[in-house]
1. Which residue is surrounded by the most Cβ atoms within 10 Å (Cβ to Cβ), if the candidates are limited to the stretch 248-261 and must be assigned to a helix (DSSP H, G or I) and either among the polar types (S, T, N, Q) or without any contact (Cβ under 8 Å) to a residue 24 or more places away in the chain (or both)?
2. Of a type in the set (Val, Ile, Thr) and in contact with a Cys (Cβ under 8 Å, 6 or more places away or on another chain) - does that describe any residue in the stretch 44-61?
3. Restricting to helices (runs of 4 or more DSSP H) lying wholly in the stretch 20-123: which have 2 or more residues that are within 14 Å of the ligand (Cβ to nearest atom)?
4. Looking for something of a type in the set (Phe, Trp, Tyr) and in contact with a strand residue (DSSP E or B) (Cβ under 7 Å, 6 or more places away or on another chain) - is there at least one such residue anywhere in the stretch 6-21?
5. If you check every pair at least six apart or on different chains, which have Cβ atoms under 7 Å apart with a residue in the stretch 230-241 that is near the ligand (Cβ under 6 Å from one of its atoms) first and a residue that is among the charged types (D, E, K, R) and outside any helix (DSSP H, G or I) second?
6. Take the conditions in a strand (DSSP E or B) and in contact with a Phe, Trp or Tyr (Cβ under 9 Å, 6 or more places away or on another chain) and apply them to Gly139. Does it pass?
7. Go over the candidates Asp169, Asp215 one by one and state the one that is closer than 21 Å to Val19 by Cβ, buried (at least 16 other Cβ atoms within 10 Å of the Cβ) and more than 13 Å from the ligand (Cβ to nearest atom).
8. Quick one: which of Asp15, Asp66, Asp81, Asp73 is in contact (Cβ under 8 Å) with a residue 60 or more places away in the chain, buried (at least 24 other Cβ atoms within 10 Å of the Cβ) and charged (D, E, K, R)?
Amino acid sequence: MGVNTKEMLVKAQKDGYAVPAFNIHNLETLQVVVETAAELRSPVIIAGTPSTFAYGGRDYIQALVDVAATRYDVPIALHLDHHEVLDDIKESVVLGTKSVMIDASHHPYEENVAIVKEVVEYAHAHGATVEAELGRLGGQEDDLVVDAADAYYTDPAVAKDFVEKTNIDSLAVAIGTAHGMYKSEPKLDINRLAEIRKVVDVPLVLHGASGIPFDTVRTCIELGVCKVNIATELKNPFSDALRQYLVTHEDANDPRKYMEPAKAAMKKVVAEKIKMCMSDNRY
Ligand code: 13P
């Protein structure tokens, strides 16, 4: 059944690796992620944004992940990515989700604190762990679009206060990553991450990891990042391979066949990212 991510992340923090959080969108993308994680003996977080749950149904997705979690003997957790509405969170927690992100980072600081506290109280009472974000990432994550002008970095001193006031289990930091692919290689504020780590002891989360070079992600892991979120870099090879197959096989009409090249292309990236996170062979 649903696994809480606290133990997963604390173990990663202790042993110096990160748990990859892969955004999935349907049965096929879930299959790729859990099969690859099981083959590589890696814990894995299955992330879904509100629009993914609107598309697939909270009950359907929960049931799929529950089956995956019993089928494989590596830790598999369903996680609510970038949720903003407590009622949505409650709906999933009642269904068995044990890991949630409340993203109130677009609200003024005190409001962010108040919203997060309310979610933490509810989630902890139901055995679920909570991630929250301080600072704001630019870019696009499904329906959520943040202009570069509205993005801002996490302030270490405020991060300390935020974690103390809210009692969150993990903190998503804004240090220069963005959602979606980058036009040029982003320059991350590694010193800021080190400063945050000095004053915050909960596991840190790196959003927007698609397109960030391996070595940079590794440096972030050394500095306390225990969860690395990847979405776009999986969607792209899946969609490109599917498109290529359909264009070159005009008569293709069997989803069980034409999904295979898409799954294979995505699988390659999932395996690379697990190795990047150094989460392979941990179980
Ligand atoms: P990318 O799409 O940039 O990989 O971001 C994923 C993410 O941070 C999900 O929360």
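1. The qualifying residue surrounded by the most Cβ atoms within 10 Å (Cβ to Cβ) is Pro261.
2. No, that holds for no residue.
3. Passing ranges, in order: 27-39, 50-56.
4. No, that holds for no residue.
5. Cβ pairs passing all conditions: Ala231/Glu141.
6. Judged against the criteria, Gly139 is a match.
7. The match here is Asp169.
8. Asp81
The values are calculated or read from the model by the stated rules, or taken from the named source; none is laboratory data. Predicted model only: the values in this text are computed from it and were never measured. Note that we place each Cβ from the backbone using ideal geometry, even for glycine, and neighbour counts take in every protein chain shown.
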